[in-house]
Amino acid sequence: MWSWRCGLGATLVTFAVQYVGPVVRVRNECEPRDAPAWVGPVLAAGLPLYWVSDSPWISAVSSLTPFVEAPVRWWALLADATFGGVAFAVVARARKSRTRQST
């Protein structure tokens, strides 16, 4: 159980790693249908999968506020936390077996 918590904590810390993420297409509902839509990359955060990305149609461009304005990809957050938890568990098991062998 502790390894999953460590994985979730490590995943939440990766929010500090922000980079240019996916390209999105945004259209304003008030504009005429033939008006060009804004197409461009948005800010994203999270490693190895980005689990939060900027929503230019909701929040200010190039600002991330997860769980408030920026949408969270829950499956990516859980996948990152699971990956991190497994990595912590493998390292802990390897260290434990290495200390047993040395004594």
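Annotations
- Among the residues of segment 7-23, those that are in a helix (DSSP H, G or I) and either open to solvent by 60 Å² or more (accessible area, probe 1.4 Å) or modelled with pLDDT under 85 (or both) comprise Leu12, Val13, Ala16.
- Within segment 71-87, considering residues that are touching a residue at least 60 places away in the same chain (Cβ under 8 Å) and within 30 Å of Ile58 (Cα to Cα), the one surrounded by the fewest Cβ atoms within 10 Å (Cβ to Cβ): Thr82
- Exactly one residue out of Val68, Val90 is over 17 Å from Tyr19 (Cβ atoms), open to solvent by 20 Å² or more (accessible area, probe 1.4 Å) and in a helix (DSSP H, G or I): that is Val90.
- Verdict on Gly40 being at pLDDT below 85 and open to solvent by less than 40 Å² (accessible area, probe 1.4 Å): yes
- Ser59 surrounded by 12 or more Cβ atoms within 10 Å (Cβ to Cβ), over 20 Å from Ala10 (Cα atoms) and modelled with pLDDT under 75: yes
The values are calculated or read from the model by the stated rules, or taken from the named source; none is laboratory data. Fair warning: this is a prediction, and the values are worked out from it, not measured in the lab. For neighbour counting, all protein chains shown are included, and Cβ atoms are generated from backbone atoms with ideal geometry for every residue, glycine included. The accessibility values were calculated without ligands, DNA or RNA, using every heavy atom of the protein model including side chains. Shrake-Rupley method; radii C 1.70, N 1.55, O 1.52, S 1.80 Å.
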